Amino acid sequence: MIAELGHFALILAFLVSIVQAVVPLIGAHKRWPGWMSVAEPAATAQFVLVLGAFAALTYAFVVSDFSLRLVVLNSHSAKPMLYKISGVWGNHEGSMLLWVLILALFGAMAAWFGGNLPPTLRARVLAVQSLVATAFYAFILFTSNPFLRMAIPPMDGQDLNPLLQDPGLAFHPPFLYLGYVGLSICFSFAVAALIEGRVDAAWGRWVRPWTLAAWIFLTIGIALGSWWAYYELGWGGFWFWDPVENASFMPWLFAAALLHSAIVVEKREALKSWTILLAILAFGFSLIGTFIVRSGLLTSVHAFANDPERGVFILMILVFFTGGALTLFAARASAMEAKGVFGVVSRESALVVNNILLAVASFVVFVGTIWPLVAEMAFDRKLSVGPPFFEMAFTPFMVLLGLVLPLGSMLAWKRGSLSRVARQLVPALILALALAGLVWTMQTERSMLGPIGVFLGTWLIAGALTDLWTRTGRNRDLTRLLRLPRADWGKTVAHSGLGITMLGIAGLMAWEQEDIRTVQIGAPWQVGKFEFELLDVTREQGPNYTATRGEVSVRPAGGDGSEIAHLYPEKRVYPVQQMPTTEAAIDYRFLRDVYVVVGDAQPNGGWVMRIYIKPLANWVWGGCILMALGGLLSLSDRRYRVAAGARKTASVQGVPAE
């Protein structure tokens with residue numbers, strides 16, 4: 001009965017979304033206040049209904065209702081409660097229900113907090129947002145219904161993919177969806193502005209908080225996914241340029257560009273057309289990512305579905321919304337006249353460079369991701385584009401971005417002085433060069449990745465702190481820092497976070513040590529500065545798996561025998577799905593990780609052991625946390641809240657002429 005109520009609520013949400021997509025749009029065109037006012041209650045009703053549908057599906061997973069086909073395929077009665085809940089979105093149908101829930105949530109939030117928007121713009125934003133939701137409701141109900149029943153319910157389920165039974169993957173998808181589904185509201189703002197034929201500073205203030213919120217969630221989601229890949233897959237890496245990873249990374253790059261471009265619209269009323277285009281592309285690439293993950297065209301460790309029929313439906317959604325928005329953009333771009341004029345050397349120009357580098361980097365990732373498919377279709381050749389391509393093609397753009405960022409963030413608006421900013425950044429440059437030189441002299445027979453990464457990371461961090469220091473004035477009044485807007489603090493923290501992440505990536509790529517060998521129990525061996533000893537291997541029984549569990553002692557090589565860490569790597573087998581997984585044991589430290597993986601037993605009585613020494617590994621995710629924290633600080637700045645920005649423009653809320 002609960003499942004049927006959920007299904008009914010989903011159908012009602014679909015019908016409400018149609019009303020919300022049509023009535024307010026007509027009302028805005030005809031200037032009928034009554035019709036426009038339908039948007040707000042419809043957005044709230046739509047969210048409540050889809051929330052009810054999601055709650056019904058969650059209840060089915062929690063109580064192990066095996067009369068529901070989706071629960072049978074993705075759950076098991078012996079599964080821990082956390083993974084019963086995460087199983088709701090650990091599959092194609094459930095994840096799509098989460099998708100429309102977040103889509104409806106952002107639409108409802110725009111209705112709740114957009115009271116100070118011009119009535120026609122608010123109506124059009126909510127209508128476009130609901131039109132996107134309508135397409136995905138149709139996709140779920142006609143191709144991916146999560147509420148299908150089993151004719152004969154089995155006694156138990158087939159369990160969730162063991163790789164997804166992990167805390168990192170339990171929280172990774174919701175944050176990720178809040179990010180790239182959240183970009184839909186930016187898309188709706190862009191299309192609504194194109195329909196109205198007006199983009200101004202107020203529009204920039206309204207769209208920026210939504211972009212910032214989506215970017216924050218996307219940053220957290222990508223970081224969680226990267227951390228999961230690092231410790232769960234047992235491969236020892238944090239990023240593999242997998243199609244699914246790229247599917248979220250491309251919108252993140254476009255969202256970062258959009259975030260910076262919206263600043264120029266807000267401050268200078270320039271780059272209007274470019275900002276609108278970025279808003280369309282950011283959500284467009286979210287749809288492309290959805291198509292990649294769910295069409296079966298490209299394989300991945302954690303792709304959701306392999307169904308060409310569903311892929312065609314998503315492709316139609318992608319073409320309709322992205323193609324339609326780009327067509328509208330081409331027709332109305334001439335109306336986006338820029339008012340602000342700026343010099344070649346200015347913060348506006350630096351932000352343009354920032355945008356170009358981020359956008360081109362995203363297109364490079366897109367080409368590398370989609371090229372195997374193009375090669376197979378056009379040339380009948382099977383190609384594999386792996387990390388070497390991405391690292392060679394993508395890295396130069398990030399290096400240039402790192403070099404430009406401290407300079408650009410300190411330039412004045414409209415017309416700046418490059419020599420003045422360069423003088424202020426001399427100490428930061430000296431520090432970065434000194435640390436890079438120190439690293440280069442200390443390492444032997446290594447690549448230049450380490451010194452370059454250390455230089456860029458230090459340059460970004462020192463540059464962000466220098467920018468903050470200059471705000472104290474000539475008298476170095478530190479109390480002025482306490483009066484700075486939170487957005488300025490957010491910028492410093494986010495840019496420093498990017499620098500720390502670059503340091504972590506450089507450390508992993510340049511100085512990682514790997515050792516694979518067969519060892520006997522009780523026979524120590526040395527890797528780098530550490531001595532390892534396999535003390536024992538036992539068989540363990542988990543709640544829904546069996547495990548081969550190693551016990552490893554880690555000591556300093558040539559030391560006094562004192563133990564640094566006691567690690568327990570595991571190799572698990574989930575009997576329901578007959579699938580093995582590797583559970584790495586990791587000793588996390590500030591400057592390095594010791595990463596231990598136990599392998600298979602050997603005929604001679606030994607065990608295969610894989611050891612990694614990973615310098616600065618935690619800095620990768622620590623930097624991501626700082627970037628997200630910087631975004632939160634900026635989002636908390638009252639100047640960038642929708643209502644605060646709208647109050648300043650309340651006098652110009654008249655309906656524009658068509």
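The values are calculated or read from the model by the stated rules, or taken from the named source; none is laboratory data. The structure presented is a predicted model; accordingly, all values stated were derived computationally and were not measured. Methodologically, a virtual Cβ is constructed for each residue, glycine included, from the backbone with ideal geometry; neighbour enumeration extends over all protein chains shown.
Below, the figures for the structure above:
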quantity: Filtered residues of segment 384-420 (kept if within 23 Å of Ser248 (Cβ to Cβ) and not in a helix (DSSP H, G or I)); calculated: Ser384, Val385, Gly386
quantity: Any hit, segment 614-635, residues being in contact with a helix residue (DSSP H, G or I) (Cβ under 8 Å, 6 or more places away or on another chain) and over 26 Å from Leu224 (Cβ atoms); calculated: no
quantity: Answer from Ala45, Ala53 - the residue that is in a helix (DSSP H, G or I), within 32 Å of the chain's Cα centre (by Cα), within 23 Å of Thr143 (Cβ to Cβ) and among the small types (Gly, Ala, Ser); calculated: Ala53
quantity: Some residue of segment 98-106 being buried (at least 24 other Cβ atoms within 10 Å of the Cβ) and at pLDDT below 90; calculated: no
quantity: Residues of segment 547-576 that turn out to be among the polar types (S, T, N, Q), more than 18 Å from Asp515 (Cβ to Cβ) and crowded, with 16+ Cβ neighbours inside 10 Å, as a count; calculated: 1
quantity: For Thr441: the one exception among (1) at pLDDT below 85; (2) β-branched (Val, Ile, Thr); (3) crowded, with 19+ Cβ neighbours inside 10 Å; calculated: (3)
quantity: Test: residue in segment 56-64 that is touching a strand residue (DSSP E or B) at 6+ places or on another chain (Cβ under 7 Å) and over 16 Å from Leu160 (Cα atoms); calculated: no
quantity: Matching residues in segment 530-576 - criterion: being assigned to a strand (DSSP E or B) and among the hydroxyl-bearing types (Ser, Thr, Tyr); calculated: Thr538, Thr546, Thr548, Ser553, Tyr574
quantity: Selection status of Ser37, within 19 Å of Leu5 (Cα to Cα) and of a type outside the set (A, V, I, L, M); calculated: no
quantity: Answer from Leu224, Leu178, Leu160 - the residue that is touching a Phe, Trp or Tyr at 6+ places or on another chain (Cβ under 8 Å) and surrounded by 23 or more Cβ atoms within 10 Å (Cβ to Cβ); calculated: Leu160
quantity: Residues (in contact (Cβ under 8 Å) with a residue 12 or more places away in the chain and farther than 21 Å from Trp235 by Cβ) located in segment 603-616; calculated: Asn604, Gly605, Gly606
quantity: Residue within segment 575-589 that is modelled with pLDDT under 90, in the same structural domain as Ile613 (by TED's automatic domain parsing) and touching a Ser or Thr at 6+ places or on another chain (Cβ under 8 Å) present; calculated: yes
quantity: Single residue of Phe217, Phe285 found to be surrounded by 21 or more Cβ atoms within 10 Å (Cβ to Cβ), modelled with pLDDT of 90 or more and touching a Pro at 6+ places or on another chain (Cβ under 6 Å); calculated: Phe285
quantity: Strands (runs of 3 or more DSSP E) fully within segment 581-638 counting 3 or more residues that are aliphatic (A, V, I, L, M) and buried (at least 18 other Cβ atoms within 10 Å of the Cβ); calculated: 592-601, 607-615
quantity: Residues located in segment 68-92, provided they are part of a loop (DSSP other than H, G, I, E, B), more than 23 Å from Arg310 (Cα to Cα) and aliphatic (A, V, I, L, M); calculated: Ala78
